[in-house]
Structures are given as C-alpha cells and as structure tokens.
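K.L.:
Take this structure first; my questions come after.
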Protein chains: 2
Amino acid sequence: MHLRETPVQPVRPADHSDQPSAFCPRFQYAIELIGRRWVGAVLRVLVAGPARFNELLAAVPNLSDRLLTERLRELEREGLVTRTVSPDRPIRVTYELTDCGRSLSEIICTIGTWSERWVDVKT
Amino acid sequence: MHLRETPVQPVRPADHSDQPSAFCPRFQYAIELIGRRWVGAVLRVLVAGPARFNELLAAVPNLSDRLLTERLRELEREGLVTRTVSPDRPIRVTYELTDCGRSLSEIICTIGTWSERWVDVKT
C-alpha cells in the first residue's frame, strides 16, 4: 500500500455513515502512518512551512538526530515530504511537505483541537 | 499524561495558526495514541456502536485474540472504552466508547476521507 502523487477526486460527498464499521485498509494505513513515533510532531512543524534538519531537531524535544533522519527518510519514501539540497555553501538541506503531505493539515488541526480538550498533561 | 473524563471547554475558537509549529505534548500524545497498531481499526468499529469481543475480532482482519485483548485493555485504561459484563448466561462482554472516545469520531471521519483520496491499495 502506498500514497498517491495526486489525489482521487471524490465522486460523492465524504460520508462514512453508510458503513462506518466496515474494515478499511486505506484508513488503517493512514492512521498508523501519521501515528508512528515522532511522525505527528514532525508533520506538525512542516505544516507551518519548510524547515531545515536542525530546525526540525530543535522543534521536537527528545527527538534524536538518528531518529529524525530515519523518520524523514520514511516520510520521503511515503511521498509526504521532499528533501531539497541547496547548491550554495554551506549546503542547506530543506524539508517540505508535498501536496499529499500538506493535505494532512485538516487532520492535524482536528487532532490538535481534540487534544486541547481531552488530553491532560498532569501525570 | 492521560485523557480527561470531561472535556475542557475551549475559551476561543480552535485555531492553531498562531503557533502551528510549536511542539505540543498534548497533540503528540493524541496522535500516537490513535495511531497505535490496530487501535484505529478498533475505534472505527466502535464509533458505529457498542460491540462484543467476537464482533470486534471478526471486524478487523488479521487481528489476533491476544492483541485485541491487549488493545482493549489499553483503551479502557486510557478512558476511551468501557467494558460491560452482562449478568445473564452466557456472559456477554460488550465494549463501548466513552464520551471521550466518541469525541474522536470527527478525527476518524477526517482520516477516512483523506485516506480515500490519497492511499492507493495497489502495492
């Protein structure tokens, strides 16, 4: 299973009420993709705009250099992120969401709103 | 970090555009909670209504008895699911979303719509 480069245009308004409980491999792929460790946090930074490696590293506390590299490679392979290397010196590597990645912004916003209401930071 | 029993009422319209890239532990907790292996699929079944253990098992292909038990216990501990044992014979164990769990339906619907557009099932 993989992400498309261009979206399928819906032929009808989005509505899952006809068969909300039927298993959907597309849904499961999507929710487990965005829910992978650190992926949500990285996507949330990139939704705000392109960022360099060190900016991403600084934006996400406790995320190691190695894990960020690994997650970014996964996101590139999935087609959610593009990596651009500038020809200038010093070399700058910038990460940016693809159209597919940017289209996650509504999901990210909805999860953000839900978490503000329901997640308590007290342990 | 844990989920609340009752939601915080937002004091302003939900809007993350003021600081979309700031790291938010609440957001990260929420996205990694719903993205855990099999959790999305189980929640999607329960959004449609209460279900018994065997109904959940039948609704999610490739999910083992042991893993479903484990995931349901986690969801109970998190406060997303309640487990009810009927007093009749044979004993019936039913799982149902709490208010907090039901409030995930918008997220689940948004991810479903996104996945229909962007996830290709061809390998």
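K.L.:
Can you list residues from other chains, or at least 5 along the same chain, whose modelled amide H is less than 5 Å from the amide H of A:L3?
P.N.:
Distant-sequence amide H within range of A:L3: B:D120.
K.L.:
Right, next: State the residue of chain A whose Cβ is nearest the axis carrying A onto B, and the distance in whole angstrom.
P.N.:
A:G35, 0
K.L.:
Please tell me the relative contact order of region A:50-114 in percent, rounded to the nearest whole number, where contacts are Cα pairs under 8 Å and at least six residues apart.
P.N.:
Contact order relative to length: 32 percent.
K.L.:
Search the structure for amide H atoms under 5 Å from the amide H of A:V81, placed 1.01 Å from N in the peptide plane, and list their residues when 5 or more places away or on another chain.
P.N.:
Amide H neighbours of A:V81: A:E76, A:T98.
K.L.:
Separate question: Seen from all sides and averaged, what is the projected area of the convex hull of the Cα atoms in the protein assembly as shown, in nm²?
P.N.:
15.7
K.L.:
At 20 °C and a viscosity of 1.002 mPa s, what translational diffusion coefficient does Stokes-Einstein give for chain B, taking Rh as the Kirkwood radius over Cα pairs? Give it in µm²/s as a whole number.
P.N.:
D = 132 µm²/s.
K.L.:
Which whole-number percentage describes the relative contact order of chain A, with Cα contacts under 8 Å and a sequence gap of 6 or more?
P.N.:
Relative contact order here is 27 percent.
K.L.:
Suppose we keep just the alpha-carbon trace of region A:50-114; what are its Rg and Dmax in angstrom?
P.N.:
When restricted to the Cα atoms of region A:50-114, Rg and Dmax are 13.0, 43 Å.
K.L.:
Which ³J(HN,Hα) values, rounded to whole Hz and listed in residue order, are derived for region A:82-90 from phi using the Karplus coefficients 6.51, -1.76 and 1.60 in 6.51 cos²θ - 1.76 cosθ + 1.60 with θ = phi - 60°, glycine and proline given as x?
P.N.:
Values per residue, Gly and Pro as x: 10, 10, 10, 9, 6, x, 6, 10, x Hz.
Since every read-out is calculated from the coordinates, none of them should be taken as a lab result. Just so it is clear, the model here is predicted, and its values are computed rather than measured. Reconstructed Cβ throughout: ideal geometry from the backbone, glycine too, with neighbour counts over all protein chains shown.
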